[in-house]
Amino acid sequence: MFRRAMGLLALGVPLVAGAAGNWYEGGTLHKATLKEWAGAVTQNKMATMADMVVGAKLAKRPMDVVEKSVRAASCIDEVAKDKASQSQAVATVAAMCMMSG
């Protein structure tokens, strides 16, 4: 799971600046459900997680923000695969994922 996400980093997927700006800007999934998360693009997932990681003061250095965002997004992706969990709030699952490592 983490290696797959790091592979995306190696390809530059979440680090590419889009029309909205930097990879960490423009996330809109803060109040989404896991079903909405599952249908979102990687850029939106990473921007949302970067905002949450910084907001929770879990990282100060840019590479730490990237690492923690990738790990949390991968964790949320795994939880979102369970159809029974898809009505849960992303923010709740993100908090759990960020605290677990």
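Suppose we keep only residues that are assigned to a loop (DSSP other than H, G, I, E, B) and among the aliphatic types (A, V, I, L, M) within region 25-41. Which one would you say is surrounded by the most Cβ atoms within 10 Å (Cβ to Cβ)? The residue in question is Leu29. For region 42-84, filtering for residues that are part of a helix (DSSP H, G or I) and either surrounded by fewer than 14 Cβ atoms within 10 Å (Cβ to Cβ) or touching a residue at least 60 places away in the same chain (Cβ under 8 Å) (or both) leaves 13.
Every number in this text was worked out from the coordinates using simple rules, so none of it is lab data. Note that the structure is predicted; figures quoted are calculated from it, not measured. Cβ coordinates were reconstructed from backbone atoms using ideal geometry, including for glycine residues, and neighbour counts include every protein chain displayed.
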